[in-house]
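First the structure, in the form of structure tokens, and then the observations on it.
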Amino acid sequence: MRIAVLGAGSWGTTLAIVLAENGHDVVLWDHDAARAKKIAAMSENARYLPDVTIPAGVAVTATFADALDDAAMVVFAVPSHTVRATARAMAGSGRAADAVVVTGTKGLEEGTHRRMSEILIEELRCAPERVVSLVGPSHAEEVSRHIATSIVAAGAGEKECRAVQEAFGRPYLRIYTNTDIVGVEIATALKNSIAIAAGILDGAGGGDNTKAALVTRGLTEIARLGAAMGARPETFSGLAGVGDLVVTCLSRHSRNRRVGEAIGRGERLDDALARLGMVAEGVRTTRAAVELGRERGVELPIIEMVHRVLFEGHDPREAIQMLMARPPRAESAGAPPPGGKEERR
């Protein structure tokens with residue numbers, strides 16, 4: 001089929017390559033005309049994926065309407081803070097009105113706290129079944145080089161999820177379907193905040209014991225907020241939950257972990273982001289997650305502490321000590337605390 005991929009960063013380029021390898025007619029859109037021309041001429045996205053060849057089946061354009069023309073599937077791989085504007089432009093174009101819409105973007109929108117699929121449904125005014133979230137533990141640097149990866153296609157539409165599974169599945173890219181799009185999107189958004197915390201820990205000289213505790217308790221926070229949003233508990237033990245959390249907290253490819261590491265070494269946030277040269281979704285998501293947690297009455301101590309370090313000037317080492325000094329409690333949410341009285345978790 002003809003498929004439009006909106007966003008020529010590392011992940012958008014990788015997804016375009018995957019689709020072309022499966023024989024689809026792919027158009028990759030980049031908002032920067034000069035960069036689009038360069039990618040097309042070199043058959044390579046040298047900025048994000050050096051030495052990875054883009055197949056001939058991928059056309060590259062900076063003309064939005066051309067990308068959407070006759071598309072049976074539209075893939076959003078733009079940064080989270082531009083998803084709404086991009087979807088609004090798509091709706092205004094009148095093109096691809098019946099297409100299956102796929103979001104490969106992870107995050108929460110600042111201000112509204114919307115998940116990516118919610119934004120697409122709102123702006124495109126489409127049925128929820130048409131929108132599928134394609135996410136999981138998947139660094140573009142590895143998928144583009146055919147390193148074995150498993151991810152999740154999540155959505156309310158069984159037919160649409162299967163269509164995405166079939167369109168993107170490769171011998172090196174195994175895709176599972178999941179109907180819990182709320183849990184999948186909450187998990188893959190908030191794991192970026194925990195990954196920043198893991199990087200802060202690394203930069204501040206933390207150890208493996210501390211990292212294990214951070215990742216484990218971070219997953220508890222994510223699942224706690226997910227439950228408040230109506231997600232299924234088992235989602236957080238799957239690929240979108242523990243899988244994406246582990247790879248993002250531990251991998252050298254993780255942008256969010258690298259930003260956190262710079263902060264842990266004492267760099268300013270603006271300097272760390274400038275040196276990264278790419279979007280670290282966890283920075284914006286941390287703001288939205290803290291607001292959402294407070295709105296829902298859900299305690300998120302690690303993510304709250306990341307917020308304090310990033311935006312309120314707290315010292316990273318003091319932040320770690322403050323987390324460790326919190327009142328003792330039972331690990332299981334169903335177990336009574338010392339003394340027998342119930343406590344907020």
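Quick rundown of the values:
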item	result
Low-density loop positions, trypsin sites (Lys or Arg not before Pro), region 112-208 - DSSP coil, at most 15 other Cβ in 10 Å	ARG125, ARG145
Computed over the chain: relative contact order in percent, which uses C-alpha pairs under 8 Å that are six or more apart	14
Estimated vicinal HN-Hα couplings, Hz - region 92-106 in sequence order (Karplus 6.51, -1.76, 1.60; Gly, Pro = x)	x, 6, x, 9, 6, 5, 10, 6, 5, 10, 10, 10, x, 9, 10
ARG232 long-range amide H proximity, modeled H, under 5 Å	GLY183
GluC sites (Glu not before Pro) restricted to DSSP loop in region 218-274 with at most 16 other C-beta within 10 Å	GLU267
Local electrostatic count at ASN256 - Lys and Arg +1, Asp and Glu -1, tallied over other residues with Cβ under 9 Å	+3
In order through region 168-176: 3J(HN,Hα) via Karplus (6.51 cos²θ - 1.76 cosθ + 1.60), integer Hz, x for Gly, Pro	9, x, 9, x, 9, 10, 8, 10, 9
Most positive-pole-ward Cα, ILE17, THR220, ALA330, against dipole of the chain from beta carbon charges	ALA330
Fully extended contour minus Cα-Cα distance, from THR220 to ASP270, at 0.36 nm per residue	15.1 nm
Per-residue HN-Hα couplings for region 237-248 [Karplus 6.51, -1.76, 1.60; θ = phi - 60°; Hz; x = Gly/Pro]	9, x, 4, 6, x, 5, x, 5, 4, 4, 5, 6
Under 5 Å, built H, 5+ apart or other chain: amide partners of VAL102	VAL74, VAL75, PHE76, VAL132
Residue-span extension gain [ALA89 to THR63] - 0.36 nm each, minus C-alpha spacing	8.2 nm
Those lysines that a straight Cα-Cα span of less than 19 Å connects to LYS106, excepting residues fewer than 8 apart in one chain	LYS191
CD proxy at 222 nm, helix term only [per DSSP H run n ≥ 4: -39500 (n - 2.57); per residue of the chain; nearest 500]	-14500 deg cm²/dmol
Separation in nanometres of the label points that stand 7 Å from Cα toward Cβ, at GLU291 and ALA127	3.3
HIS146-ALA213 pseudo-label distance in nm [points 7 Å out on the Cα-to-Cβ vector]	4.5
Amide H partners (placed H, <5 Å) of LEU108, local residues excluded	THR285
FRET E, pair GLU318, ALA228, Förster distance 35 Å, beta-carbon r, rounded to 0.05	0.75
Candidate values (1) 0.98; (2) 1.06; (3) 1.18, label of the one derived for Rg/Rh (Cα atoms, Kirkwood Rh)	(1)
Computed E for LYS37/ARG329 - FRET, C-beta separation, R0 56 angstrom, nearest 0.05	0.45
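No value in this document is a laboratory result; all are computed from the given coordinates. These figures come from a predicted structure and were not determined experimentally. So basically every Cβ, Gly included, is an ideal-geometry build from the backbone, and we count neighbours across all protein chains shown.
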